[in-house]
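Beneath this line is the structure, given in C-alpha cells, with notes to follow.
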Amino acid sequence: MRMPSNGLAFEEIERSMDELASGDIDWRRGRTPLYVFFANEAVAEVGQRAFNKFFSENALGGKRAFFSVARMEREVVAMALDLLNGGDNATGYMTSGGSESIFLAVKSARDWFRTRRGGNHALNMVLPYSAHPAFNKAAEAMDIEVRRVAVADDGRADVPAMTAAMDGNTFFLLGSAPCFPHGVIDPVAELGAVAESADAWLHVDACVGGYLTPFVERLGYDIPVCDFRVPAVRSLSADLHKYGFCPKPASTVFYRDAEDAERSRFDFDQWPNGQFSTATLVGTRPAGGVAAAWAVLNYLGIEGYTAIARQLMETRDAYIDGLLRVGGFEPVARPDLTIVNFRSNDDTDIFAVAEQMTERGWLVGLTQQPKGMHLMLSMKHREASEDYFNDLVASRDEARRLGRQGAVSASY
Ligand SMILES: *Cc1c(COP(=O)(O)O)cnc(C)c1O
C-alpha cells in the first residue's frame, strides 16, 4: 500500500474503517474473553468525553504547561492509594499500562538493591509460574535472571518452593492479585514474611485486581489481603484500563515510600536542551488517558464501583454454576475475583471444544498448563451468557462426536 496522492474525504475513510472492522471479533456482543473491559454505556461515554476534552494536551507537559493534567494525575494516584491503604508516605504515577508499571517497579527495586549491595551483582527475581510475561520483559531489558516456580495445587504461589529458589542475589519477589492464568490471589502476607527475612523487595501485581479488590472486600467476600496493609509490600501495579473501566492507555504504579518512587525517575542533562526528567518509561503521554481516568473515578465513586463489583461477582458465580450445570467441565482453581479458568473433566479435549467455539464466532482464551479455557469477565459477558452456554454445550457435544484434539493453540 502507498499513501494516496490526494487525501480522501473522512466519510470515505470512515466507510473503509467500518468495513475493516466488520471482520473483527465482536466484543460488543461479548465474544472476546479479554482486551475490552466494559462496565456500561454511561461509564464508557464519560471516559470518552473526558478523553476528548484533553485530546491534544500532553501529560509530559504537566509540570510546565498543563497544570490541570498534573493535578488530575496526582488525584487519581491519591484516590487509588486511599483504596489500597497506601499510608502517608506512599505515592505513584500513571503509566501507559501494566507492562510499564511493572517495568518501573522492577527498575526501582533493582536500583534500591544496588544502593545497598553495590553495582555488579548477578541479580535474580523469584516469581510464581503464573506471573505475567511483563516481568520477564523487564528482566530481559535489565539483564536480570528470572526464576519461575511452579504454583501449588490451588493455583496460588507456592511460598516454601519460592523460598527454596531464592539465594543471596534474589532482590525481588512477586505476588499477583490475582494472577492472570487462574484468577487466584497469591498469599501476599506469607510472601511478605519471606521478603522481610531475606531483605528482598515485594511487589504485588494487581494489574487485574487493583481497582476491584477494594470493592469486592466491601461486599464481604473473603479474599486474601493483598495491598499495602501487608507491611513488606513496597510497590504495586494496578491497571485503570482493566477493572478501573477507564479508557486505554491507563495504569498506575504505587510505592509505599516516596523515596522508592523516585528510583523510577530518569534524570538527564547531557544534551543541548538541559535538564530532562521523567518518572515514566515513555516521554509524551496522552493527557486524555489521565483526564478520562480522573473523570471515571469521580463519576463512579465508591458506590458505583461497588455496584459493578457486585454484578461482576454474580456473573462469575453464574458462569461457574453454568459450567457445573452443563457438565463436562471443572474450574482449574476457585477464582477469587472474575477470571474463570476451566478444563474438561472427562477425556474430551478442551482445545477441541475451543476449536468449535471459534467456529461459532468466539475468541477463546486458553491456558496451556493445564489445558483449559479462560475468561476475564466484564459486563458484556453477563449479557452474552445465554449465547455462551448454548454454544459451549453444542461445542462440547461436537468435540465429543469428533473425538480428536483441537487445532487451536494458546497464544496471546
Ligand atoms: C494485563 C496484565 C499485565 C500487563 O498489563 P498491560 O496493560 O497489558 O501492559 C500485567 N499483569 C497482569 C496480571 C495482567 O493481567
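The values are calculated or read from the model by the stated rules, or taken from the named source; none is laboratory data. Fair warning: this is a prediction, and the values are worked out from it, not measured in the lab. Virtual Cβ from ideal backbone geometry, glycine too; neighbours counted across all protein chains shown. Note: accessible area is taken over every heavy atom of the protein model, side chains too, but ligands, DNA and RNA are not part of it. Shrake-Rupley method; radii C 1.70, N 1.55, O 1.52, S 1.80 Å.
Conditions (1) outside any helix (DSSP H, G or I); (2) of a type in the set (A, V, I, L, M); (3) surrounded by fewer than 22 Cβ atoms within 10 Å (Cβ to Cβ), marked per residue:
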{"residue": "340", "(1), (2), (3)": "yes, yes, no"}
{"residue": "355", "(1), (2), (3)": "no, no, yes"}
{"residue": "374", "(1), (2), (3)": "yes, no, no"}
{"residue": "380", "(1), (2), (3)": "no, no, yes"}
{"residue": "395", "(1), (2), (3)": "no, no, no"}
{"residue": "404", "(1), (2), (3)": "yes, no, yes"}
{"residue": "410", "(1), (2), (3)": "yes, yes, yes"}
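Is it the case that some residue within segment 200-223 is away from the ligand (no atom under 16 Å from the Cβ), out of contact with any Phe, Trp or Tyr (no Cβ under 8 Å at 6 or more places or on another chain) and within 22 Å of residue 127 (Cβ to Cβ)? The answer is no; no qualifying residue exists.
Looking across segment 137-180, the residues that are of a type in the set (A, V, I, L, M, F, W, C) and within 16 Å of the ligand (Cβ to nearest atom) come down to 138, 139, 141, 146, 151, 157, 172, 173, 174, 177, 179, 180.
Of everything in segment 184-199 that is within 16 Å of the ligand (Cβ to nearest atom) and not in a loop (DSSP other than H, G, I, E, B), the residue that is nearest to the chain's Cα centre (by Cα) is 188. Return yes or no: is residue 53 charged (D, E, K, R) and either under 19 Å from the mean Cα position of the chain (by Cα) or under 24 Å from residue 411 (Cα atoms) (or both)? When the stated conditions are applied, residue 53 does not pass them. Selection of first residues in segment 225-243 that are within 13 Å of residue 86 (Cβ to Cβ) and among the hydroxyl-bearing types (Ser, Thr, Tyr) and of second residues that are away from the ligand (no atom under 15 Å from the Cβ) and part of a strand (DSSP E or B), restricted to Cβ pairs under 7 Å at least 6 apart or on distinct chains, gives the following pairs, ordered by first then second residue: 235/255. Out of all the residues in segment 217-233, which are surrounded by fewer than 23 Cβ atoms within 10 Å (Cβ to Cβ) and outside any loop (DSSP other than H, G, I, E, B)? Correct list: 217, 218. Residues in segment 246-264 that are of a type outside the set (Lys, Arg), more than 14 Å from the ligand (Cβ to nearest atom) and either assigned to a loop (DSSP other than H, G, I, E, B) or out of contact with any Lys or Arg (no Cβ under 8 Å at 6 or more places or on another chain) (or both): 254, 257, 258, 259, 261, 262, 264.
Before we move on, is residue 306 under 19 Å from residue 246 (Cα atoms), in contact (Cβ under 8 Å) with a residue 60 or more places away in the chain, open to solvent by less than 40 Å² (accessible area, probe 1.4 Å) and of a type in the set (Val, Ile, Thr)? Yes, satisfied. Screening residue 87 against (1) away from the ligand (no atom under 16 Å from the Cβ); (2) at pLDDT 95 or above; (3) over 17 Å from residue 210 (Cβ atoms); (4) surrounded by fewer than 21 Cβ atoms within 10 Å (Cβ to Cβ) leaves a single unmet condition, (3). Here is the figure for segment 289-303: residues that are aromatic (Phe, Trp, Tyr) and surrounded by fewer than 23 Cβ atoms within 10 Å (Cβ to Cβ) total 1.
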